[in-house]
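Could you have a look at this structure, given as structure tokens, before my questions?
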Amino acid sequence: MDLDDIAARLGVSVENVDRVHGLAGDLPSAPLPAKADAPAILARLAVRPDDAAEIMAGWPDPGSPLWTAELRWLLDRSIALV
């Protein structure tokens, strides 16, 4: 994806997008677990219930119009960075 395009669509500066890209680079990512599997994963990681509820509230539904290509890119790069 074009970093300028991603920045414009996310409403952030190109410098911020470039920083994420620079940190994560071409590191491999991991697939996002299915939403149905997330509660067990969060419990296994001992995530506090209030934090787990917040995470689940924001968990992307496949095919949602809110789950844009730019947000998928950002999540993918964030996972790669971690």
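The values are calculated or read from the model by the stated rules, or taken from the named source; none is laboratory data. Because the structure is predicted, anything quoted here is derived from the model rather than measured. When the accessible area is computed, the model is the full protein with side chains, heavy atoms only, and any ligands, DNA or RNA have been set aside. Shrake-Rupley method; radii C 1.70, N 1.55, O 1.52, S 1.80 Å.
As a test of the formula, what do you get for the chain when each DSSP H run with n ≥ 4 contributes -39,500 (n - 2.57) and the sum is divided by the residue count, at 222 nm and rounded to the nearest 500 deg cm²/dmol? Write out the running numbers ahead of the final one.
Working: 5 runs with 48 residues, N = 82.
Calculated from helices alone, the mean residue ellipticity at 222 nm is -17000 deg cm²/dmol.
What accessible area per residue comes out for the chain, rounded to a whole number of Å², with a 1.4 Å probe?
On the way: 5720 Å² over 82 residues.
Counting only protein heavy atoms, the per-residue value for the chain is 70 Å².
What's the carbon and sulfur percent of the range 1-62's accessible surface, probe 1.4 angstrom, rounded to a whole number?
That share works out to 58 percent.
Next up: Taking only Cα atoms, what is the 0 to 90° angle, nearest 10, from helix 14-24's long axis to the longest principal axis of the chain?
So the inclination is approximately 60 degrees.
Another one. Under a GNM of the chain (C-alpha, springs under 10 Å), which listed residue has the highest mean-square fluctuation: D18, D61, D37?
Fluctuation is largest for D37.
What do the square roots of 5 times the Cα gyration tensor eigenvalues come to for the chain, in whole Å, largest first, as semi-axes of the equivalent ellipsoid? List each step's numbers first, then the result.
Values: eigenvalues 131, 44, 27 Å².
One finds semi-axes of 26, 15, 12 Å for the chain.
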